[in-house]
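Below you'll find the structure, written out as structure tokens, and then a few comments.
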Amino acid sequence: MTPADAPPCPPPLLSVVMPAYNEAAILGATAREVVDGLRHRGLRFELLIVENGSTDGTPAIAARVAAAVPEVATHSLRRADYGEALRAGLLAARGEVGVIFDVDYFDLDFLDAALIRLASDAAARPAVVVGSKRAPGARDGRPWHRRAATAAFGAILQTALRISVSDTHGMKVIDLSVLRPVIRACRHGRDLFDTELVLRAERAGLAVAEIPVTVRERRPSRTPLWRRVPRTLCGLLRLRLAVGPAPGRGGHGPAGHGPGATGG
Ligand SMILES: Nc1nc2c(ncn2[C@@H]2O[C@H](COP(=O)(O)OP(=O)(O)O)[C@@H](O)[C@H]2O)c(=O)[nH]1
Ligand SMILES: [Mg+2]
């Protein structure tokens, strides 16, 4: 059989990983919107709702959606931990491409743009595409103090950890075929997981790209800044100690393969 006779390859399977904690008010509507949007695009996909520790009706709603919609599955972990939920979901994913969407923050236009980036030829193909709230062209409708915190956090990441992108938290599209070992190497849970994932990917020599996003959250943030800022700063210090100093502090391009990708 010549390549021309071969049956066309099915499009890659997409695994959307959605951490969910006390989201009874919006989980059903979010799951429906994401499923409808992905079906409408003709994409092959699974939606993994990863729930842990919720005290409201979230587990029951997740189970109901999974029973009603064939593409949806739900995972329950014992301890409430956003980062652990993402890590478990991404490692359970069957797809070649992983997508991180929050219940309160997702954007199918970002997914469309990120998939185009992932389809670029091998030399230019990123392993991770981050939806950046800070990149030129981003529109961030959150309150000013949260925008300021994101800007300060991003500046610290870029100067202290030499991360190339302007934002690490939030929506991402991931080439799982290359990123699985990096995901396994991540040790930090909670909201540090996103940053560790990007940091370890870059330290492993993988390209991370960013696309400016329009930020529209479906409900206000529940974590007050006074609690998040000290926790995040301590977390960054722990991450820096676990992963080691940035190679090429003299300013030489992306990091090469090093212990950061698997150590820690
Ligand atoms: N499984 C799980 N999901 C979580 C946990 N904490 C937050 N989430 C989910 O992670 C996403 C982002 O959480 P959110 O509270 O909006 O964080 P923020 O946007 O950074 O203020 C949402 O989908 C939440 O339901 C947790 O402990 N476990
Ligand atoms: Mg949120």
- Could you figure out which of (1) among the β-branched types (Val, Ile, Thr); (2) at pLDDT 95 or above; (3) more than 16 Å from ligand 1 (Cβ to nearest atom) isn't true of Val198? (3)
- Query: Do we find that Asp107 is of a type in the set (D, E, K, R), within 16 Å of ligand 2 (Cβ to nearest atom) and in contact with a Lys or Arg (Cβ under 7 Å, 6 or more places away or on another chain) in this structure?
  - Reply: no
- Assuming Lys172 fulfils every condition listed in (1) within 29 Å of Asn22 (Cβ to Cβ); (2) modelled with pLDDT under 95 apart from one, which condition is it? (2)
- Task: Collect the residues in the stretch 230-246 that are within 20 Å of the chain's Cα centre (by Cα) and more than 17 Å from Asp194 (Cβ to Cβ), keeping them in residue-number order.
- Result: none
- Taking only the stretch 105-122 into account, find how many residues are part of a loop (DSSP other than H, G, I, E, B) and either over 16 Å from the mean Cα position of the chain (by Cα) or farther than 18 Å from Thr168 by Cβ (or both). 3
- Task: Under 7 Å between Cβ atoms, at least 6 apart or on separate chains: pull out the pairs that start in the stretch 36-56 with a residue that is on the phi > 0 side of the Ramachandran plot and end on any residue that is assigned to a loop (DSSP other than H, G, I, E, B) and not charged (D, E, K, R).
- Result: Gly53/Tyr21; Gly53/Ala80
- Restricting the stretch 171-229 to residues that are among the acidic types (Asp, Glu) and under 13 Å from the mean Cα position of the chain (by Cα), the residue that is farthest from ligand 2 (Cβ to nearest atom): Asp175
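Quick one: in the stretch 57-98, of everything that is touching a helix residue (DSSP H, G or I) at 6+ places or on another chain (Cβ under 7 Å) and within 16 Å of ligand 2 (Cβ to nearest atom), which residue is nearest to Arg187 (Cα to Cα)?
The selected residue is Gly83.
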- Query: Does Thr195 meet the test of being free of Cβ contacts under 8 Å to residues at least 60 places away in the same chain, touching a helix residue (DSSP H, G or I) at 6+ places or on another chain (Cβ under 7 Å) and either surrounded by fewer than 17 Cβ atoms within 10 Å (Cβ to Cβ) or among the polar types (S, T, N, Q) (or both)?
  - Reply: yes
- Message: Can you go through Pro181, Pro126 and tell me which one is at pLDDT 95 or above and farther than 15 Å from Val97 by Cβ?
- Response: Pro181
- Query: When Ala151 is evaluated against the numbered criteria (1) over 18 Å from the mean Cα position of the chain (by Cα); (2) under 26 Å from Asn22 (Cα atoms); (3) of a type outside the set (Val, Ile, Thr), which criterion, by number, is the only one it fails?
  - Reply: (2)
- Task: Kindly indicate whether any position in the stretch 115-130 is within 15 Å of ligand 1 (Cβ to nearest atom) and buried (at least 21 other Cβ atoms within 10 Å of the Cβ).
- Result: yes
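The values are calculated or read from the model by the stated rules, or taken from the named source; none is laboratory data. Just so we're clear, the structure is a prediction, and the values are computed from it rather than from any experiment. Methodologically, a virtual Cβ is constructed for each residue, glycine included, from the backbone with ideal geometry; neighbour enumeration extends over all protein chains shown.
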